[in-house]
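Below you'll find the structure, written out as structure tokens, and then a few comments.
Bear in mind that the values in this text are calculations on the coordinates, not laboratory data. The structure presented is a predicted model; accordingly, all values stated were derived computationally and were not measured. For neighbour counting, all protein chains shown are included, and Cβ atoms are generated from backbone atoms with ideal geometry for every residue, glycine included.
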Amino acid sequence: MSNIELDLARQPILNGMVTEASAGTGKTYSVAALLVRELATDENLRISEVLVTTFTRTAAAELRDRIRGAAISTCDQLRSNKANADDVMATHLLQTYPHDIGAMIHRLERALVEFDSATISTIHSVCTKVLHLAGVSLGNVGEDDITSRVIAEVVNDAIVSRTVAGIDVSRLNAGRMAEVVAKLLSDPFTEPWMDPTQNPFMTEAQPISVDDQNFLDEYLEMLEKCKARVQDATLNHPSFNDLLKRAHDVVTDKSRGALINDIRSRFKLAIVDEAQDTDKLQWEFFDALFPPDQIDRALIAVGDPKQAIYGFRGADVRAFVLRIDPAKKRTLTTNHRSDKPVLDQLNTALSGALFGDQIPYVNVKASPKNPVSRFGPINPVEFVDVGKITNQNRLDKPTAQVVHELLTVGKLTIDGVQRDIEPRDICVLVRTKATGRAIERKLKQFKIPAVSNGTESVMEGAMASHVRSMLELMERITDVGRTRRVASTPFFGLSIRHEHDISDLDLQRIQNRVSDLRSVLQSGGVATLAGAINSDDQFMTRLTKGSSGERHITDFAHVMDVLHVATDGKPCTPTHLLEVFMSLIDADETSELVSRRVESDVDAVQIMTIHSAKGLQFPCVVVADLWKPATAPRGAPVFYNQNQRVVDIVHGLESPTESSRVASKEAVKDAANAEMSRVMYVALTRTMYHLSVLVTDDAQSRLPTMVPHIPDKRALASVAKLKSYKIKNAKPDASKFSCAKSTASTSQSYRRTSFSGIMDIHKKSHRRDYFERPGHGNDEFGNDDNQFSNQEPSELSDLLKSITIPVVPSSKHVGDQIHEILEFVDMSARPLRDEVGRAVGQVATSSLLRRYHQPLITMLTRALETPFGGAFGDVSFADIDPSDRLAEMDFEMSVALSDANIMVSDIGRVLLSVLSPTDVLCNYATSLTDSSFDISIAGLINGSLDALLRLPGSTPDQPLLAITDYKSNKMHQDDDESPMSGYSPQHVQAKMEEAHYILQALIYGTSIYRMLRWRLPKANHDACIKGIAYGFLRGMVGPETPVDANGHRYGVFTWQAPVGLWSALSDLFAGKKPTQ
């Protein structure tokens, strides 16, 4: 059946009508217009009888504003008896009902007066209202972590009880069985399923035995009983999803006929916005309130299945597609967002594309207002060929190159006035936060202002830290240390460079003001507290001061919004709010609630995840992603078997046959790829004037499948060369400004330092050898000559002599190049040697290294495949998936101010206090207490960790981490008879001590400990840090790298800190000096 275009002015509303609104076609405008039309023309419809639901609180707030604004605007036009040229609804009302204008004005004014009685909210708010009407007690809503814990406990109890009864449960996996139960609980219409053509216990094609079938029947019964027990146990602690199930049970309970009729009588019209993000349970709930056979009441849905991208949150686009009645389907196909040339090219490129079963691409036409391109001189739509890139983060440079060209060449012509493209005109869309961060760094490297949104959490930013300091002082109002911390925040803006900078009077004044704010919080809640701070002229003056002022205001408003939502707008104590604050730190950075917002007027390139950009539009869009095939989501597989949603219960078995899981895996993979194509559609449809899409030659990329007719690609080489960006807008003449001179002396109590800075100071305390031999590897310290004889046991000596080390030159430059190569390598690529070769070819282009490519490839490939040994066993760099690796992890760690008198030598004293007498680092710890290390550290200490690895056996609540570093030191001579001997465990430890890499590792470890304490407050932080592993790359020769008689691997230094070391070092840096 052909699509019927929605006529906002004349088409009657039908119960069950579905409107498919393609991107940019004015979905929100249409919802508001339809509602205004009904309110203006129907005397018997009151706004309190209208129900509008949408996906998120933000969308609900926007809908409220748009509907109210549309009613006000229409009312004003009716009063003036003149419609705006672009207002379809006002024009229709004036032309169709010229004799009823007064009555329509009265109805709209009545609706505005009664506007707060309208139900315009999320589905969960609607369910809460229904349950309150039914007298159902809700308890504490939203504690999903309780539900998860209860599921785990119930499943464990079920398995234990059967074990005690003598029933064999060895075929069950408790963790995966809990995942199956969770899926069954999340959607009551999801049914348990297993492939009927396969035997989950036998690899050969054999029918299921009677005993096996009895076991499966018992297993299925266990699942149902577990499901029932969880529902009973969480009766007083419902999750948000439980609200919907309980509300559905109320409105479908035939014994509650009077109540159901009462609820139905309250609403005459319901509009479900973002209908593609619903599920079957929601449709059953709405159908119970608005039975399909009723004609005097209407339920209509507005959405776009092509933009259904929230499957990972439980949304079920298939349920939406299946409920569409072709006779009641309407479409919106006039795009008001993009220029006609943009739409023409997208229509061609996406012609015939499918975004899931029964979700075809729908051609759209441009609004008459946008007949020509307003962008030039580059084509409105470009697919840029960036070559063979297989690592997602390697898109940073091509993206920066495209953005740079847009800024230096691009022009916009708006209303006849031409101007240059500015940074704020461009949005870079990515799928992952890591890619976004990489692109942001690259843009800033070339002086292009950039800011991220949807790629990081506002709760981990500086402003959140300032708010937290304020709350901590509220909790303990007389604490001097907390008062001083608050004094240094932008709220008070006082200097704490010296103890005497803040007087007792200042401290008292701060405590009094914060005490007043505490009373506001306890009596009125977070929103009232935010209002009190916003109304304080002195606070706001300080917050807006300087170049970061707008960022401060944006983040402050966002943090307070998040805390307000998390506390349900209720008054609370500072202690409770701090607990809520800590729980929000671990929230998903991409979630709408905590994803950092972009400053409203910042002149910077915006970098956003595609999910965050949904519903938004930008003048120019650059899409940067590899579009690799989707991986199967974690958890029990849920998919559609024909038109029935099912969960594969074989997932809960301990060792099911692979053949029994193939069907569900393929179904889940197909669904994930379909959602990826919808994510791609969302990305391509955000632009107004120009779209650039990066295309790789990677055979794994699904972009050619998702975009059937990719136009001729533009070679990256034809894009303007990347160089530092110069802002075109003139800045004020700096010569006209001068700084006031201060006669006051200053005493620095705060400084920034690093391991390298400490070593520079330490070296200056020794006589420098001006005849020192050059060439010390990658920013490595110390002398590379060995101080030990190369005497090995005879049985090992022959093996060592047989090992050759590739000849690769050594220098600071070579070391830097090796580090950059390893940053480029995708450790998951196979064969690894080919991937290393790609990275070497891309990075090692200098004349020094060009002729050493093959030895360099051999050396690095072998090093990456070398097991660490020690506490890490057979784990190597190559074994760690990119998702379990934080590469080049930068950190800044706070240290007490100089009045605490913390010295580097104190680190040695702390180390000695926890080491056992037999620990290999005892001698080094003693040397670190020498007076030459009486080097003051205060303020901040920063650094960059080569790689933080999450090891096998990690859990979300208790990860196992390895602190690793690459060292390129050359500790042998090319003509040595046994060069491998230079990398014996003895030599490696000596190098670690002589170059003070031990000190470096202690600083790294303390920073990781503090990160864990912040991010995972309930974890055993000492146990999380498995140890350190420093790899001396030249001496790591692959899986066969020798070990000495004590089991220590050549070329690798590993060490596990004794319990309590990391917390003791953290306390030291906080100002707690060890006793001498």
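Observations on the structure shown:
- Shown for E20, E49: other C-beta atoms within 10 Å of each C-beta, ranked fewest to most, produce the order E49, E20.
- Acute angle (nearest 10 degrees) that the helix 853-864 long axis makes with the longest principal axis of the chain, alpha-carbon atoms: 80
- Along the axis of the charge dipole computed for the chain (Cβ charges of +1 for Lys and Arg, -1 for Asp and Glu, origin at the Cα centre), the listed residues P368, V988, Y681 are led at the positive end by P368.
- Each residue in D425, D648 was given a count of other beta-carbon atoms within 10 angstrom of its own, and listing them fewest first yields D425, D648.
- Reachable aspartates and glutamates, given that their alpha-carbon falls under 13 Å from the alpha-carbon of K970 and they are not under 8 places away in the same chain: D779, E780, D784, D785
- Values of log10 I(q)/I(0) for the range 190-233 across q = 0.16, 0.19, 0.27 Å⁻¹ run -0.53, -0.67, -1.00, by the Debye formula with one identical scatterer at each alpha carbon and no solvent.
- Farthest positive-ward along the range 806-864 dipole, Cα basis, beta-carbon charges - from L856, L822, V807: V807
- Estimated Rh, the chain: Kirkwood, alpha-carbon pairs, angstrom: 33.3
- Taking a straight line from the alpha carbon of K82, these aspartates and glutamates sit under 17 Å away, with near neighbours fewer than eight places off in the same chain left out: D100.
- Among the trypsin sites (Lys or Arg not before Pro) within the range 1-94, those in coil by DSSP and having at most 12 neighbouring Cβ atoms inside 10 Å are R10, K82.
- Residue order, fewest to most surrounding Cβ atoms within 10 angstrom, among T252, T483: T252, T483
- D_trans [Stokes-Einstein, Kirkwood Rh over alpha-carbon pairs] for the range 806-864, 37 °C, 0.692 mPa s, µm² s⁻¹: 293
- Rounded to the nearest 20, the Cβ-based charge dipole of the range 806-864 about its Cα centre (Lys and Arg +1, Asp and Glu -1) stands at 240 debye.
- Cα coordinate range in the range 215-331, projected on the principal axes (Å, largest first): 49, 39, 27
- Over 22 Å (Cα to Cα) - which of K329/K669; K628/K713; K365/K614; K614/K726; K306/K328; K388/K713 fall in this group: K329/K669; K614/K726
- Of all DSSP beta bridges in the chain, antiparallel share, percent nearest 5: 35
- Ratio Rg/Rh, restricted to the range 429-545 and using Cα atoms, in which Rh is the Kirkwood radius: 1.09
- Dipole orientation for the chain: of the candidates I607, G257, V1059, I607 has the Cα lying most toward the positive pole (charges on Cβ; Lys, Arg +1; Asp, Glu -1).
- Net charge dipole size for the chain [Lys, Arg +1 and Asp, Glu -1 on Cβ; Debye, nearest 20]: 3160
- Rough spin-label spacing in nm, given labels placed 7 Å along Cα→Cβ, for A9 and K1073: 8.4
- Reachable lysines, given that their alpha-carbon falls under 27 Å from the alpha-carbon of K1026 and they are not under 8 places away in the same chain: K433, K967, K991, K1018, K1072, K1073
- Per-bin percent of Cα-Cα distances, the range 34-110 [10 Å]: 18, 51, 25, 6, 0
- Here the contact order of the range 425-561, divided by its residue count and restricted to Cα pairs under 8 Å and six or more residues apart, works out to 21 percent.
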